[in-house]
Structures are given as structure tokens and as C-alpha cells.
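Right, one structure below, let's go through it.
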Amino acid sequence: NQDEVASPSKTNEMLKKHKLVLKKSLGQNFLIDQNILHKIVAAADLDDQKGALEIGPGIGALTQQLAKAAGKVVAVEIDQRLLPILEETMQAYPNVKVIHGDVLKLSLEEIFQEFDQSTKVSVVANLPYYVTTPIVMKLLETRLPLENIVVMIQKEVALRMAAPPGGKDYGSLSIAVQYYCEPELVMIVPRTVFIPQPNVDSAVIKLKVRTKPPVEVEDELWFFEVVQACFAQRRKTISNNLLARFFTKDTRDELNGILQQCDIDPIRRGETLSLSEYARLSNALLAYKP
Ligand code: SAM
């Protein structure tokens, strides 16, 4: 297709025409491979009744494909210089709405108003890598009624999000993501499909958003605080990490009883506890919340 920007020649042509020097500080690595784009879009299970929210459309490589697959696309771009380019590349796609701004500062609820209430929405994006985790956490914590989140991110971060307990990749990010979603690694992506090439490997991950958490947690903030505490020093036992964070001289004798009641061995490390063990532990520790 003549108007598609995702090829090396077309992308370079657009950058030259608009005298655009890409900003590393904004994570501007543009996709130039139609094959990869099609796989990303396919993973999101879109159809013409559904909506797609894109974060960082760049010059529109992914946006064009989303416009063909979804009923409506809303794309949030921080870099003002890209707006006139997007206007040009989105000319044939009237179902795309571009919003200028920083996705970390904008109200996601307000952005969501662009979609009809009954529309099922997926987030689909090649994320700026310097803010991957804050963006994904904001999407999850806002509790938008999303169907799924399909994003290209650094390979290491994708592996951490999808990691099961027991390995070095498993940590508080795995637990936070898995509390809200079912992660699925879609593919590993080589650096060669971007202009300019990033200096890390990438992966596409699909996060199927759960309608309710898989474990019962009485106080979510506290749950995440307990998880953080257990990973504060990865080499220490959970018992030592918890003592250092939440217990005093007067209360420290109580921890072993609580762990026993939860059926969790005090000498285990944070990286071996499952989501349900963390749920049980944080519920049992609620009385020690500062
Ligand atoms: N979607 C395009 C593609 O796949 O070729 C561009 C992806 S590029 C990795 C990331 C895009 O996110 C850039 O266009 C960048 O300007 C934009 N961006 C960076 N930080 C942002 C933020 N905080 N809010 C919205 N967009 C942002």
C-alpha cells in the first residue's frame, strides 16, 4: 500500500521531508517492518466494533494498521513536531483521533471518553522505553475497562512481567502485573526492525486484563507494600526483610507465629512466594501496617 509509512525508505523519506531529528530522550525508535506490525495488531484481537488506544504513534506506522483493524483509534503523542506528520499519514484514516500530550500527565479516564461506553478497548503500542513501567502501571492502576494491553517493550522488562515465581526475573513487577493481568509473551523482536535501532532487544507482550484479581487481598496498597518489603534485599530471607521494615523490638517475636499461620517458611526468599502466598501474608500482617 502506497501510503503506509512502515518501511525503511518511506520512514526515512518522511523524516527528511519534515526535517525531523528523532529524540532519544523520548524513546523515538520507529517500526519499519510490516510483518511485525501485523503480528502486534493480530495479538490484540481487534475488529471494527472495538477500539484501540495507542501511546506514542510517532509518524503513524502502527496507527495505520490499527486504523484498518479497529473501529476507532485514539493515539496520544507527546512530541508536538510529530502532529503535522501524523495529520499527513492519517489522511486516509478518518477513524483516528490524535491527542497531544504526555500520557503520564493526562487523565486516562478523559481520554477514554473518546470511545463509546460499550466499546471494548485494547491498548496497543510500541512504548517509549524510558517510561515503560510507569505507563503500564498507570494503565493497570487506573482500572480502565480494558480488554488487553499489547505492547512492545524491552525484552528484559517483558520477561520480568511474565516471570513465574522461583527465578531471577520474578519480582515486584511480576506480581503487580500478574495481579491485574494474565501475561503472555508474544514474540522477541530484533533491533533491526527500528529506525534508529535501539541498543536493547525488544519483545511484544500481551496482558489480558483480568475482570477481578486472582487472589483475595484486603488492602491493595498494603499488599504491594509487603511485596516491596520482601524484595527489598533479594538475598535476605522474607523474615529478615519483614523484620527490618515493619517490626520493632517489642513486636519482632510475633512474626514467626504469623508466618507459621500462613504456612510460609521464614527462611524463604521473596522470589519464591506465589501471588496467593503474598495475598495470605499481607492479609495476616494487616495489623502491622504503620
Ligand atoms: N508507534 C511508533 C512506531 O511504532 O513506529 C513510535 C514508537 S516510539 C518507540 C515511542 C513514541 O512515544 C514516540 O513517538 C515518542 O515521541 C512517544 N512518547 C514518548 N514519551 C511519551 C509520553 N510520555 N506520552 C506520550 N507519548 C510519548
Original post:
Can you put CYS230, CYS181 in order, fewest other beta carbons within 10 Å first?
Top reply: CYS181, CYS230
Subject >> Pair ASP48, ASP102: separation of 7 Å Cα→Cβ label points (nm) >> reply: 4.0
Original post:
Which translational diffusion coefficient, to the nearest whole µm²/s, is obtained for region 30-175 from the Stokes-Einstein equation, given a Kirkwood hydrodynamic radius over C-alpha pairs, 10 °C and 1.306 mPa s?
Top reply: 101
Original post:
Over region 1-112, what number does the Rg to Rh ratio reach, with both radii from the alpha-carbon atoms and Rh per Kirkwood?
Top reply: 0.94
Original post:
Using +1 on the beta carbon of Lys and Arg, -1 on that of Asp and Glu, and nothing else charged, what's the dipole of region 1-145 about the Cα centre, debye to 20?
Top reply: 420
Original post:
Hey, if you put +1 on the Cβ of every Lys and Arg and -1 on every Asp and Glu Cβ in the chain, which of ILE111, GLY51, VAL124 ends up farthest toward the positive end of that dipole?
Top reply: VAL124
Original post:
Convex hull volume of the Cα atoms in region 172-290, per residue, in Å³?
Top reply: 135
Original post:
Per residue of the chain, what 222 nm ellipticity follows from adding -39500 (n - 2.57) for every DSSP H run with n ≥ 4, rounded to the nearest 500?
Top reply: -10000 deg cm²/dmol
Original post:
Rounded to a whole number, what is D in µm²/s for region 194-235 from Stokes-Einstein with the Kirkwood radius over alpha-carbon pairs (20 °C, 1.002 mPa s)?
Top reply: 149
Original post:
Using a simple charge model, +1 on the beta-carbon of Lys and Arg, -1 on the beta-carbon of Asp and Glu, nothing else, what dipole does region 163-290 show about its Cα centre, in debye to the nearest 20?
Top reply: 420
Original post:
Please state the relative contact order of region 68-225 as a whole percent: Cα pairs under 8 Å, 6+ residues apart?
Top reply: 18
Subject >> Gyration tensor over alpha-carbon atoms, the chain, equivalent ellipsoid semi-axes in Å >> reply: 42, 19, 16
Subject >> Net charge dipole size for the chain [Lys, Arg +1 and Asp, Glu -1 on Cβ; Debye, nearest 20] >> reply: 880
**OP:** Kindly provide the Kirkwood hydrodynamic radius of region 201-267 in Å, to one decimal, from all pairs of distinct alpha carbon atoms.
**Re:** 14.3
Original post:
Rounded to the nearest 0.05, what FRET efficiency do GLN113 and MET137 have when you use their Cβ-Cβ distance and R0 = 25 Å?
Top reply: 0.70
Original post:
Tell me, what is the FRET efficiency for GLN233 and ALA92 to the nearest 0.05, using R0 = 41 angstrom and their Cβ-Cβ distance as r?
Top reply: 0.15
**OP:** For region 141-199, evaluate the Debye formula with one uniform point scatterer on each Cα (no solvent term) and list log10 I(q)/I(0) at q = 0.13, 0.25, 0.31 Å⁻¹, rounded to two decimals.
**Re:** -0.41, -1.07, -1.33
Original post:
Amide H to amide H under 5 Å from GLU54: which residues, 5+ apart in sequence or cross-chain, H placed 1.01 Å off N in plane?
Top reply: VAL74, ALA75, VAL76, VAL124
Original post:
Cα gyration tensor of region 123-239, axes a ≥ b ≥ c as square roots of the eigenvalues: rounded (a/c below 1.5), prolate (a/b > b/c) or oblate?
Top reply: oblate
Original post:
Counting only Cα, what are the radius of gyration and maximum Cα-Cα distance Dmax of region 237-290, in Å?
Top reply: 10.3, 29
Original post:
Any number yet on Rg/Rh for region 1-53, C-alpha, Kirkwood?
Top reply: 1.05
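None of the figures in this text is laboratory data; all of them are computed from the coordinates on show. Fair warning: this is a prediction, and the values are worked out from it, not measured in the lab. Virtual Cβ from ideal backbone geometry, glycine too; neighbours counted across all protein chains shown.
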